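*Asks:* Could you have a look at this structure, given as structure tokens, before my questions?
No lab work stands behind these numbers, since they all come straight from the coordinates. These numbers were taken from a predicted model, which means no experiment stands behind them. As a convention, Cβ positions derive from the backbone with ideal geometry for all residues, glycine included, and neighbour counts pool all protein chains shown.
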Amino acid sequence: MGHAFSTTSSSAKTLYQKIYASHVVGKLNPSTDLLFVDRHLIHEVTSPQAFSGLKLANRKVRRPDLTFATMDHNVSTQRRSIDAAGETSRKQLEALAANCSENNIPLLDLTHPDQGIVHVIGPEQGLTQPGMIIVCGDSHTSTHGAFGALAFGIGTSEVEHVLATQTLPQQQAKTLKVEINGELSAHVTPKDVIMAVIAELGTAGGNGYVAEFGGSAIAAMSMEGRMTLCNMSIEMGAKAGLIAPDETTFAYLKGKAHAPQAEHWDAAVQYWQSLYSDADAVFDKQVEIDAGSITPQITWGTNPEQVIAIDQSVPSPASFTDATKRDAAERALAYMGLAPGQKLTDCQVDVVFIGSCTNSRIEDLRAAASVVQGKQVAAGVRALVVPGSGIVKRQAEAEGLADIFKSAGFEWREPGCSMCLGMNDDRVAAGERCASTSNRNFEGRQGRGARTHLVSPAMAAAAAIAGKFVNIATVSSEQAAIQKETRYE
Amino acid sequence: MSKIFAKGLVCPLDKNNVDTDQIIPKQFLTSVSRDGFADAMFFDWRYLADGSPDPDFVINKPEYNGASILLTRANFGCGSSREHAPWAIQQYGFNVIIAESFADIFFNNSVNNAMLLIQLSKTNIDLLFNRCQQGPQHWQIDLASQEILFGNNAALGFNIDADIKQRLLSGLDFIGSSEQLNSQITDFEQSRKASQPWLG
Ligand code: SF4
């Protein structure tokens, strides 16, 4: 590990290249390296077949001490019981519990007070640290890149591979630098930033790349905000998102359960401080975005690049020069029940979902609560808040946020993935329109025929109160200002 | 091993950004087994609300019955890391997918299931879709020479990563070949522990 940096390298490296180089165990062939994995996070949905495969081949989990499990995807958010989300879910949760106990893998099950969405609890527990390689059978593993860790999603065959060997075959990815400079406007959140980046690059713009975010707007962002940003880098196809660690990162990690303990802390920080892209490192692609030009965003279609600023009109398919994009727009409008030229601020919402690994952290709930405070959810709107973890939930309750939501008419739920993908019973019905703080607006994602509009927590909260989408910039200026001041301690 | 990796009927799925929620929706992800996903493939597109096959969806058209090569557009397999997506496609009967581009995780997952994913330029993809409009197509894929053979001596070359090609041709064991570096893994673990003891 450390030895890769103790000698000065002749050529400048990007952060990604540094982390990659420091994890090479050996070469499998000229183009493929075997990389060591520092943290392997697992959950109930993508691991059962990997454990069966392992057993079938008579293999053991090589490093249970570097493997951590949680239950999140199909747990009920109404009750903490593995029976509460139906028979098939129960079987899957039981399989995870059995696999973990058989193999000595620590598991945050439903009885654990810190249980939550895998990408929320990793950082909270201090499992996520700069310079690590972190993998999980889940595409939003990119979230952990906010700490300067190389973190990416893998499939079940790869989960099995990591369980068996604590390594993964990899090839060097291309590098993309997304530079965001300037100050964000008062109503603009990290969610809006990443949606604007996706709009700029497209859903496939990051294919084959690891994206590193940098610039003064990123430096000013809290860890929560950085996680939101890296979380959705997969939505532009990037293999991973990355942000170089800094004092904000170190301050967040200090004192966390699995963070380096006192006797190692200084050495760890010293190492972490070497984790940045060298000034003369060359990226394969570079984009620059002026933070001040970003406005509150909302998706109108069925993929995350079909996004507009909230004060813009739904585009006409004819405005797309590319024929397949034009067809996709036409299909998306039909599915979403929208017409070209329509303003989304004229659209009624039926459901509001505040949650998911994108936006279920304390800062997100604070932003939403500041919009909700003293107001009521509009008649006919079903609104729920699903905190990302037990820790977030307790903190929100202690800060009085839960009371604000509950007295406004929101449902206040137990932690889990919930309506982000509707594997449990939290679903959006066919034809219903949902303001969602999650990350995917695919057809059927939140339920068959469900119409998802991705927005920031403040925009979702404002939609719940108004019963339709509103331009947060015209509603109130306080909550965004509060949010900008908020820093996780 | 024959130099023909695959041959068969081509099914054209003329869409960009086909995501993993479309390839296999979440209600099928609660399974703990690797099998039984064929009927779940493209579930929401494939079946009408009453459960009967949608006759307008290309997969259901009689002329594509038995297809084993899937032709599609850009960013195929975007979205989640669920390996259930390639499992469903493979169990339905496709072992080759030809597209303008693939999402990274989907690509790796497919290769790990010994499927061949061929990436071509937009121009060539357009060309192949045009061919499909002339009537059902039967193509052969020669992996050794990296060519799609259309019959009548017509062929289209494709690029493929040398390592992946080797794995597909020799059927190398994914985990087994990494295990051959076992002593290097152990060495790495020891030096990691010495230089960064906090990592465990
Ligand atoms: S919250 Fe949604 S995107 Fe995040 S891990 Fe859960 S299902 Fe996946």
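*Asks:* Over the range A:110-186, what per residue volume does the convex hull of the Cα atoms give, in whole Å³? Provide the component values of the computation, followed by the final result.
*Replies:* Values: hull volume 11.6 nm³, N = 77.
Dividing the Cα hull volume of the range A:110-186 by its residues yields 151 Å³.
*Asks:* What is the projected area of the convex hull of the Cα atoms of the range A:387-475, averaged over all directions, in nm²?
*Replies:* Working: hull surface 24.3 nm².
The orientation-averaged projected area of the Cα hull of the range A:387-475 comes to 6.1 nm².
*Asks:* While we're looking at this one, here's another question. Treat each spin label as a single point 7 Å out from the Cα along the C-beta direction, and report the residue B:48 to residue B:193 distance in nm.
*Replies:* 6.5
*Asks:* Give me the inter-chain shielding for A:27-34: mean count of other chain Cβ atoms within 10 Å, whole number please. Before the final figure, lay out each step's value.
*Replies:* On the way: counts 2, 6, 5, 2, 4, 7, 0, 7.
Whole-number average of other-chain Cβ neighbours for A:27-34 is 4.
*Asks:* How many percent of DSSP beta bridges within the protein assembly as shown run antiparallel, rounded to 5?
*Replies:* On the way: 28 of 80 bridges.
Percentage antiparallel, nearest 5: 35.
*Asks:* Now, a different point. Just how many % of Cα pairs in the protein assembly as shown lie over 37 Å apart, if you round to the nearest whole percent?
*Replies:* Details: 80122 of 237016 pairs.
Distances greater than 37 Å cover 34 percent of the Cα pairs.
*Asks:* For the range B:78-178, what is one quarter of the convex hull surface built on the Cα atoms, given in nm²?
*Replies:* For the range B:78-178, averaging the hull's shadow over all directions gives 7.3 nm².
*Asks:* Once each part is reduced to its C-alpha centroid, what is the distance from the range A:269-293 to the range B:1-71 in angstrom?
*Replies:* Spelled out, the Cα-based centre of one part sits 41 Å from the other.
*Asks:* Report the Stokes-Einstein translational diffusion coefficient (µm² s⁻¹, integer) for the range A:214-345, Rh taken as the Kirkwood radius over Cα pairs, at 37 °C with viscosity 0.692 mPa s. Provide the component values of the computation, followed by the final result.
*Replies:* Numbers: Rh = 18.4 Å.
Here the translational diffusion coefficient equals 179 µm²/s.
*Asks:* Please report A:140, A:453 as a ranked list, fewest other C-beta atoms within 10 angstrom at the top and most at the bottom. Let's see the in-between values first.
*Replies:* On the way: A:140 30, A:453 24.
Lowest to highest Cβ neighbour count: A:453, A:140.
*Asks:* May I pose another question? Sort A:195, B:41 by Cβ crowding within 10 Å, fewest neighbours at the top. Before the final figure, lay out the partial values.
*Replies:* Values: A:195 27, B:41 23.
Lowest count first: B:41, A:195.
*Asks:* Also, quick follow-up: Is the range A:340-489 best put as rounded, prolate or oblate by its Cα gyration tensor, with a ≥ b ≥ c the root eigenvalues, rounded for a/c under 1.5, and otherwise prolate when a/b is larger than b/c, oblate when not? Kindly include the intermediate steps, with their values, before the conclusion.
*Replies:* Working: a/c = 1.67, a/b = 1.21, b/c = 1.38.
Oblate is the answer for the range A:340-489, as a/c is 1.5 or above yet b/c matches or exceeds a/b.
*Asks:* Classify the range A:51-149 from the C-alpha gyration tensor, please: rounded if a/c falls under 1.5, else prolate or oblate depending on whether a/b exceeds b/c.
*Replies:* On the way: a/c = 1.98, a/b = 1.16, b/c = 1.71.
Because a/c hits 1.5 or more and a/b fails to exceed b/c, the range A:51-149 counts as oblate.
*Asks:* Quick check: the angle from helix A:156-165's long axis to the longest principal axis of chain A, C-alpha only, nearest 10 degrees?
*Replies:* Here the helix axis deviates by roughly 30 degrees.
*Asks:* Using amide H atoms built in the peptide plane, which far-off residues or other-chain residues are under 5 Å from residue A:342 H to H?
*Replies:* Answer set, sorted by chain and number: A:314.
*Asks:* Now a separate question. Principal axis extents for the range A:50-89, Cα atoms only, whole Å, descending order, please.
*Replies:* In descending order, the Cα extents are 37, 22, 12 Å.
*Asks:* Once you wrap a convex hull around the alpha carbon atoms of the range A:17-107, what is its projected area averaged over all directions, in nm²?
*Replies:* On the way: hull surface 31.3 nm².
The orientation-averaged projected area of the Cα hull of the range A:17-107 comes to 7.8 nm².
*Asks:* Right, here's the next one. Quantify how strongly other chains surround peptide A:433-443 by giving the mean number of their Cβ atoms within 10 Å of each of its Cβ atoms.
*Replies:* Numbers: counts 0, 0, 0, 0, 0, 0, 1, 6, 0, 10, 6.
Across the residues of A:433-443, the mean count of other-chain Cβ atoms within 10 Å is 2.
*Asks:* Around residue A:428, which amide H atoms from residues at least 5 apart in sequence, or from another chain, sit under 5 Å from its own amide H, with H modelled in the peptide plane?
*Replies:* HN-HN under 5 Å from residue A:428: A:447.
*Asks:* Still on this structure, I have one more. Have a look at chain B and give its Rg and Dmax from the Cα atoms, expressed in angstrom.
*Replies:* 19.4, 65
*Asks:* If I fit a long axis through the Cα atoms of helix A:323-336 and take the longest principal axis of the Cα atoms of chain A, what angle between them do I get, 0 to 90°, rounded to 10?
*Replies:* Roughly 60 degrees, rounded to the nearest 10.
*Asks:* Any idea what angle helix A:87-103 forms with the longest principal axis of chain A, computed on alpha-carbon atoms, 0 to 90 degrees, nearest 10?
*Replies:* The angle comes out at about 20 degrees.
*Asks:* Still on this structure, I have one more. What's the ranking of A:248-260, A:117-129, A:382-394, B:183-195 by average number of surrounding C-beta atoms within 10 Å, highest first?
*Replies:* Working: A:248-260: 17.8, A:117-129: 26.7, A:382-394: 24.7, B:183-195: 14.7.
Those peptides, ordered most packed to least, come out A:117-129, A:382-394, A:248-260, B:183-195.
*Asks:* Another question, if that's okay. Roughly how many Å is it from the Cα centre of the range A:433-471 to that of the range A:349-364, as a whole number?
*Replies:* 9
*Asks:* Filter A:27/A:254; B:165/B:193; A:256/B:193; A:239/A:343; B:7/B:122; A:13/B:122 down to the pairs with a C-alpha to C-alpha distance above 27 Å, please.
*Replies:* Violating the 27 Å limit, Cα to Cα: A:27/A:254; B:165/B:193; A:239/A:343; A:13/B:122.
*Asks:* Another one. Scale the Cα Rg of the range B:134-189 by the rule-of-thumb value 2.2 N^0.38 Å and send over the ratio, two decimals. Please list the in-between numbers first.
*Replies:* Details: Rg = 18.1 Å, N = 56, 2.2 N^0.38 = 10.2 Å.
For the range B:134-189, the normalised Cα radius of gyration comes out at 1.78.
*Asks:* Also, I was wondering about something else. How many partner chain Cβ atoms sit within 10 Å of a residue's Cβ in peptide A:143-155, on average, as a whole number? Walk me through the numbers before you get to the answer.
*Replies:* Details: counts 0, 0, 0, 0, 0, 0, 0, 0, 0, 4, 7, 6, 17.
Taking all residues of A:143-155 together, the mean is 3.
*Asks:* Now, a different point. At a temperature of 10 °C and a viscosity of 1.306 mPa s, determine how fast the range A:138-237 diffuses translationally according to Stokes-Einstein, using the Kirkwood radius over alpha-carbon pairs as Rh; express D in µm²/s, rounded to the nearest whole number. Could the numbers behind the result be given before it?
*Replies:* Working: Rh = 14.4 Å.
This corresponds to a translational diffusion coefficient of 110 µm²/s.
*Asks:* Per DSSP H run of n ≥ 4, the term is -39500 (n - 2.57); total these for chain B, divide by its residue number, and report the mean residue ellipticity at 222 nm rounded to 500 deg cm²/dmol. Intermediate results must be reported in sequence, preceding the final value.
*Replies:* Details: 8 runs with 66 residues, N = 200.
Calculated mean residue ellipticity at 222 nm is -9000 deg cm²/dmol.
*Asks:* If you don't mind, another one. Sort A:16, A:271 by Cβ crowding within 10 Å, fewest neighbours at the top.
*Replies:* Listing A:16, A:271 from fewest to most nearby Cβ atoms yields A:271, A:16.
*Asks:* From the helices alone, meaning DSSP H stretches of at least four residues, give me the mean residue ellipticity at 222 nm for chain A, per-run term -39500 (n - 2.57), in deg cm²/dmol to the nearest 500. Mind showing how you got there, number by number?
*Replies:* On the way: 18 runs with 161 residues, N = 489.
Using -39500 (n - 2.57) per qualifying helix, the result is -9500 deg cm²/dmol.
*Asks:* Ordered by residue, what ³J(HN,Hα) values in Hz, to whole numbers, does the range A:29-38 give under the Karplus form 6.51 cos²θ - 1.76 cosθ + 1.60, where θ = phi - 60° and Gly and Pro are x?
*Replies:* 6, x, 9, 10, 9, 9, 9, 7, 10, 7
*Asks:* With only alpha-carbon pairs counted, each pair once and no self-pairs, how large is the Kirkwood hydrodynamic radius of the range A:299-376 in angstroms? Write down the numbers at each step before the final one.
*Replies:* Working: mean 1/r = 0.0687 Å⁻¹.
When all Cα pairs of the range A:299-376 are included, the Kirkwood radius is 14.6 Å.
*Asks:* For the range A:244-296, would you read off the P(r) tail past 19 Å as a percentage of all alpha carbon pairs?
*Replies:* Numbers: 697 of 1378 pairs.
Across the range A:244-296, Cα pairs with separations above 19 Å total 51 percent.
*Asks:* Compute the length gained on full extension between residue A:256 and residue A:326: take 0.36 nm times their separation in residues and subtract their Cα-Cα distance, giving the result in nm to one decimal.
*Replies:* 20.3 nm
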